[in-house]
Amino acid sequence: MPVNYSPLINDCMIHFLRISLLFCLVATATAQNKPLSNRIANYTIDVVLDADKKTLFGKETLIWKNTSNDRISELQFHLYLNAFKDKNSTFMKESGGQLRGDMMDPSKSMNLGSITIESMQIRNGETLTKKIKFIQTDDLNEKDKTVISVPLSKPLSPNESITLDINFKAKLPQIFARTGFADNYFLVGQWFPKIGVYEPAGMRYATKGQWNCHQFHANTEFYADFGTYKVSMTVPKEYQLAATGIFQSESPHTNGTKTITYLAEDVHDFAWTTSPRFVISERQWKHVKIKAVMQPEHSGSTERYFQSAITALTYFEKNLGKYPHTVLSLIDPPVNGAGSGGMEYPTFITCGTAWGLPKGFRFPELVTVHEFGHQYFQGMLATNEFEESFLDEGFNQYYEGRIMDENYAPGSQIDFIGFTINDMETSRISYITMKNPKITEVFRNAWEYPKGTYSIMTYTKTATLLKTLENMIGRSTMDEVMQTYFIRWRFKHPCVRDFIDVVNEIVPKRTGNRFGTDMNWYFDQVLYKAPVLDYALKSINNIEKDSKVSGQFTVERLGDMILPTEISVQFADGKQELIPWNGEEKSKLYKFDKAISSVKVDPQNKLLLDLNFNNNSKAVDPSMLVFRKYTMKIMFWIQNMMQWMAGIA
Ligand SMILES: [Zn+2]
């Protein structure tokens with residue numbers, strides 16, 4: 001959630017907030033005896049930071065296992081930092097040098113980042129350095145250097161492992177898009193040559209064995225196999241450090257540096273941070289040591305980070321499953337490094353706060369809860385963030401809404417001088433106020449969303465469609481679905497089809513086929529296509545004839561999405577009736593032999609995808625219209641706020 005000076009927001013309160021939102025860290029990992037994952041990609045890295053030149057010198061040993069039945073004659077690697085190499089990378093072209101509220105001027109060399117492989121060799125075997133080729137399978141942009149292909153003279157057989165020794169050098173960018181430096185603060189993410197995922201036939205959408213190793217795009221995050229990381233980081237001796245995994249050792253050197261080693265198991269990434277300014281404190285929660293790695297000027301937020309991390313840990317343990325690691329680091333970035341805040345890495349999240357932030361602005365809580373949630377979706381389910389970003393961000397956003405609203409409402413996002421706004425409400429408003437909600441479906445590659453729609457599709461529409469599903473099938477069924485999906489698929493890289501299979505297995509059983517024998521009709525509409533939902537109450541008429549009164553009303557379906565709902569009818573005699581409506585007809589007339597006083601479609605506002613709740617009801621004596629103007633104003637305000645918040649990853 002980086003600082004973003006959007007001209008749309010001029011409210012001084014918001015301006016003040018903007019100057020703040022930032023982040024936290026914690027280092028963590030696990031020391032299970034029994035592997036939780038298949039540990040395909042295992043790294044040992046020795047890296048030296050030149051803090052003045054903002055440069056890393058790395059020696060990496062990768063042991064990679066071929067768990068497929070294929071003979072593999074090529075390896076593919078991500079070189080993410082090359083996204084910041086110059087203005088010609090796919091990332092820079094797509095982002096225009098602006099992302100997550102940060103701007104980057106590629107004409108200044110200090111801003112740039114890059115990574116070079118100086119040598120790559122098979123242990124006791126072939127030297128691969130000269131055979132390395134840059135490839136651009138997504139967009140054919142030959143100037144993009146974020147993926148390499150490495151042909152092997154001798155193919156790797158099924159069950160065979162390969163050990164590679166790689167020397168690399170990397171220049172960190174001035175913090176941009178999650179990674180880099182700000183003065184002497186370093187957030188080192190996506191920093192080493194990282195092998196792609198080899199997907200054998202049958203895994204996710206693969207029809208034949210193939211590498212899944214996309215270029216780094218402006219709107220994509222990451223995808224990698226699980227493994228172990230043993231990383232030794234050499235930094236100036238006065239620097240403090242936190243990293244993914246568990247601290248192992250620290251040894252000083254005579255040249256003014258020291259080497260700190262961390263070990264992480266069953267993770268698919270490794271990030272670290274170092275700075276001479278950190279103030280670090282710890283808190284134990286059950287089996288988890290939580291570490292707050294704070295900027296001194298943000299110490300007033302330490303307790304807020306701890307409390308919200310514990311709130312999230314408790315909620316996820318109860319509702320999805322145990323957090324398997326024994327460490328969690330909450331990293332708090334400085335204001336000038338805000339672009340590294342609001343980001344998730346295994347056992348290590350970056351948070352965000354501001355000096356003197358009032359309690360009613362719950363951004364430190366929101367960012368911590370959000371980034372922690374990624375430990376489950378990005379961290380353990382580890383879905384493909386290039387191709388199905390919503391499976392991580394949207395599912396996580398749905399839980400962010402639940403946790404914030406159940407722990408901090410009313411005003412779970414903001415509670416300030418009488419104004420309150422809740423989290424789930426914010427997600428919904430961001431979707432329903434988008435200019436053209438039919439412009440794209442949720443299900444598509446993250447780099448292919450039409451401009452300005454990535455964050456709505458990936459985060460807020462997905463959260464809204466999951467909450468709508470929950471409202472339809474009930475909380476306990478929804479929880480059973482989510483828990484089954486999580487337990488079945490953790491550490492296995494599911495795709496959305498795997499999730500829908502779980503829904504189809506559980507929901508018909510638990511709801512007595514009330515929604516049919518499967519829920520494909522729901523996902524076809526909300527995920528694979530982009531119809532819109534808008535139910536409306538058109539009219540109520542009470543007709544007096546021969547001293548008898550009859551009442552009638554007409555409901556309308558204004559959009560092209562069809563979801564089953566209910567209509568609540570209040571009669572003049574005080575009685576009430578709830579009528580099911582399948583929404584299939586575009587317009588439907590209901591008649592009664594008594595007078596009606598009011599009618600409401602979807603009376604509990606369960607169908608949060610409905611673009612307009614204001615037209616859902618009418619009363620014979622209309623009394624609720626005042627509300628509308630007020631709501632529209634708030635929507636506008638929130639839309640602005642959402643744009644500003646789009647920096648959270
Ligand atoms: Zn996120």
(request) For region 387-398, enumerate the residues that are within 15 Å of the ligand (Cβ to nearest atom) and assigned to a loop (DSSP other than H, G, I, E, B). (result) Glu388
(message) Asn422 - would you say it is within 30 Å of Gly300 (Cα to Cα), more than 16 Å from the ligand (Cβ to nearest atom) and in contact (Cβ under 8 Å) with a residue 60 or more places away in the chain?
(response) no
(message) Filter region 164-213 down to the residues that are part of a strand (DSSP E or B) and among the aromatic types (Phe, Trp, Tyr) and list them by number.
(response) Phe168, Phe176, Phe181, Tyr185, Phe186, Tyr198, Trp211
(request) For residues that are of a type in the set (Gly, Ala, Ser) and part of a strand (DSSP E or B), scanning just region 144-159, find the one that is nearest to Ala83 (Cα to Cα). (result) Ser149
(request) May I ask you to say which residue of Tyr431, Tyr454, Tyr408 is within 14 Å of the ligand (Cβ to nearest atom) and of a type outside the set (Lys, Arg)? (result) Tyr454
(message) What's the total number of residues in region 106-146 that are under 24 Å from Ala446 (Cα atoms) and acidic (Asp, Glu)?
(response) 4
(message) Name the single residue that is surrounded by the fewest Cβ atoms within 10 Å (Cβ to Cβ) among those in region 333-383 being part of a strand (DSSP E or B) and within 13 Å of the ligand (Cβ to nearest atom).
(response) Glu344
(request) Please enumerate the residues belonging to region 192-230 that are over 26 Å from the mean Cα position of the chain (by Cα) and of a type in the set (A, V, I, L, M, F, W, C). (result) Ala201
(request) Determine which single condition Pro324 fails, assuming it passes every other condition in (1) within 30 Å of Leu241 (Cβ to Cβ); (2) more than 11 Å from the ligand (Cβ to nearest atom); (3) of a type outside the set (D, E, K, R); (4) within 19 Å of the chain's Cα centre (by Cα). (result) (4)
(message) Condition first: among the β-branched types (Val, Ile, Thr), assigned by TED's automatic domain parsing to the domain that holds Thr163, over 21 Å from Ile175 (Cβ atoms) and in a strand (DSSP E or B). Can you find one or more residues in region 105-115 that meet it?
(response) no
(request) Read through the list (1) of a type in the set (A, V, I, L, M); (2) touching a Phe, Trp or Tyr at 6+ places or on another chain (Cβ under 7 Å); (3) more than 14 Å from the ligand (Cβ to nearest atom), then give the number of the only condition that Ala463 fails. (result) (3)
(message) I'm trying to understand the selection: among the residues of region 156-177, which are surrounded by fewer than 20 Cβ atoms within 10 Å (Cβ to Cβ), touching a strand residue (DSSP E or B) at 6+ places or on another chain (Cβ under 6 Å) and not hydroxyl-bearing (Ser, Thr, Tyr)?
(response) Ile162, Asp165, Asn167, Lys169
(request) Please enumerate the residues belonging to region 38-61 that are under 30 Å from Ile487 (Cβ atoms) and either buried (at least 21 other Cβ atoms within 10 Å of the Cβ) or over 29 Å from the mean Cα position of the chain (by Cα) (or both). (result) Ala41, Tyr43
(request) Would you please list the contacts, defined by Cβ atoms under 6 Å and residues six or more apart or on different chains, that run from a residue in region 327-344 that is under 17 Å from Ser308 (Cα atoms) and outside the structural domain of Leu187 (by TED's automatic domain parsing) to a residue that is within 16 Å of the ligand (Cβ to nearest atom) and charged (D, E, K, R)? (result) Met343/Arg178; Glu344/Glu371
(message) Could you check region 337-351 and list, in sequence order, the residues that are more than 20 Å from Leu172 (Cβ to Cβ) and touching a Phe, Trp or Tyr at 6+ places or on another chain (Cβ under 7 Å)?
(response) Cys351
(message) Take the conditions touching a residue at least 24 places away in the same chain (Cβ under 8 Å) and touching a His at 6+ places or on another chain (Cβ under 8 Å) and apply them to Gly196. Does it pass?
(response) yes
(request) Go over the candidates Gly96, Gly101 one by one and state the one that is modelled with pLDDT under 95 and crowded, with 17+ Cβ neighbours inside 10 Å. (result) Gly101
(message) Any residue at all in region 522-544 that's assigned to a helix (DSSP H, G or I), of a type in the set (Val, Ile, Thr) and buried (at least 17 other Cβ atoms within 10 Å of the Cβ)?
(response) yes
(request) Determine whether region 168-180 contains at least one residue that is out of contact with any His (no Cβ under 9 Å at 6 or more places or on another chain) and aromatic (Phe, Trp, Tyr). (result) yes
(message) Name the residue that is surrounded by the most Cβ atoms within 10 Å (Cβ to Cβ), counting only residues in region 109-123 that are touching a residue at least 24 places away in the same chain (Cβ under 8 Å) and more than 18 Å from Gly189 (Cα to Cα).
(response) Met120
(request) Under 6 Å between Cβ atoms, at least 6 apart or on separate chains: pull out the pairs that start in region 273-296 with a residue that is under 15 Å from Gly352 (Cα atoms) and outside any strand (DSSP E or B) and end on any residue that is among the hydrophobic types (A, V, I, L, M, F, W, C) and at pLDDT 95 or above. (result) Phe278/Val293; Pro296/Val279
(request) Return only the number of the condition from (1) surrounded by fewer than 18 Cβ atoms within 10 Å (Cβ to Cβ); (2) in contact with a His (Cβ under 8 Å, 6 or more places away or on another chain); (3) farther than 19 Å from Asn88 by Cβ that Ala201 does not satisfy. (result) (2)
(request) Would you mind finding the one in Thr477, Thr458 that is surrounded by fewer than 22 Cβ atoms within 10 Å (Cβ to Cβ), in a helix (DSSP H, G or I) and of a type in the set (Val, Ile, Thr)? (result) Thr477
(request) May I ask you to verify whether Gly401 is assigned to a helix (DSSP H, G or I) and either aliphatic (A, V, I, L, M) or away from the ligand (no atom under 11 Å from the Cβ) (or both)? (result) yes
(request) Sort through Asn33, Asn69, Asn42 and tell me the only one that's in a loop (DSSP other than H, G, I, E, B) and at pLDDT 95 or above. (result) Asn69
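The values are calculated or read from the model by the stated rules, or taken from the named source; none is laboratory data. The structure displayed is predicted, hence computed values, not measured ones. Cβ sites come from the backbone with ideal geometry, for glycine too, and all protein chains shown count toward neighbours.
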